[in-house]
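These notes are about the structure you will find just below.
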Amino acid sequence: MNLNTSKRKRFRVSNKVKKVASKDRLRLSISRSSKNFSAQIIDDIKNITLISASSVEKDFKSKSKVKKTELSKIVAEKLANRAQEKKITKIYFDRGVYKYHGRVKVFAETLRKNGMEF
């Protein structure tokens, strides 16, 4: 299997998270582009996405001229509210290829402030 560098990084980080994951916790996977930010909570046992939030949704389209860090805060609050509705509090944070810095760090800290444990 011939993978490029970014796919190797994502595979390495995700595999580590999946190995230590217990059955009572779900995995939070993030995706970041130059303009948008999205996240989803995944149940790896059933292989389904339970909750997702993204800056591409209709709610976020009306909020123009928002900084990218503020956008990640808004997505984190939205995801945390949806998770609380489904009574999900314990997760594993799968940062994927991205360093725990900048928008990713702001996203994680906002989730912690809103009651998520990881």
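Coordinate-derived values only; no laboratory data. None of these values were measured; they are calculated from a predicted model.
Let me know the Kirkwood hydrodynamic radius for region 5-113, please, with Cα pairs as the basis and the value in Å to one decimal. Spell out each step's value before the answer.
On the way: mean 1/r = 0.0699 Å⁻¹.
Averaging 1/r across every pair of different Cα atoms and inverting gives 14.3 Å.
May I ask which of K87/K113; K16/K67; K9/K90; K46/K113; K46/K67; K46/K73 have a Cα-Cα span longer than 26 Å here? Could the numbers behind the result be given before it?
Details: K87/K113 16 Å; K16/K67 32 Å; K9/K90 24 Å; K46/K113 28 Å; K46/K67 36 Å; K46/K73 29 Å.
As for pairs spanning more than 26 Å Cα to Cα, those are K16/K67; K46/K113; K46/K67; K46/K73.
Pull up all non-local amide H partners of F93: gap of 5 or more, or a different chain, and H-to-H distance under 5 Å with H placed in the peptide plane.
L28
Taking only DSSP H segments of four or more residues, each worth -39500 (n - 2.57), what value at 222 nm results for the chain once the sum is divided by all its residues, to the nearest 500 deg cm²/dmol? If you can, show how the numbers build up before the last one.
Working: 4 runs with 49 residues, N = 118.
Result for the chain: -13000 deg cm²/dmol, rounded to the nearest 500.
Roughly what % antiparallel, to the nearest 5, for the DSSP beta bridges in region 5-113?
Working: 12 of 16 bridges.
About 75 percent, rounded to the nearest 5.
Residue by residue through region 31-48, what is 3J(HN,Hα) from phi via Karplus (6.51 cos²θ - 1.76 cosθ + 1.60, θ = phi - 60°)? Round to whole Hz and write x for glycine and proline.
Each residue of region 31-48 in turn: 9, 9, 10, 5, 10, 10, 9, 9, 8, 8, 9, 10, 9, 6, 6, 8, 6, 9 Hz.
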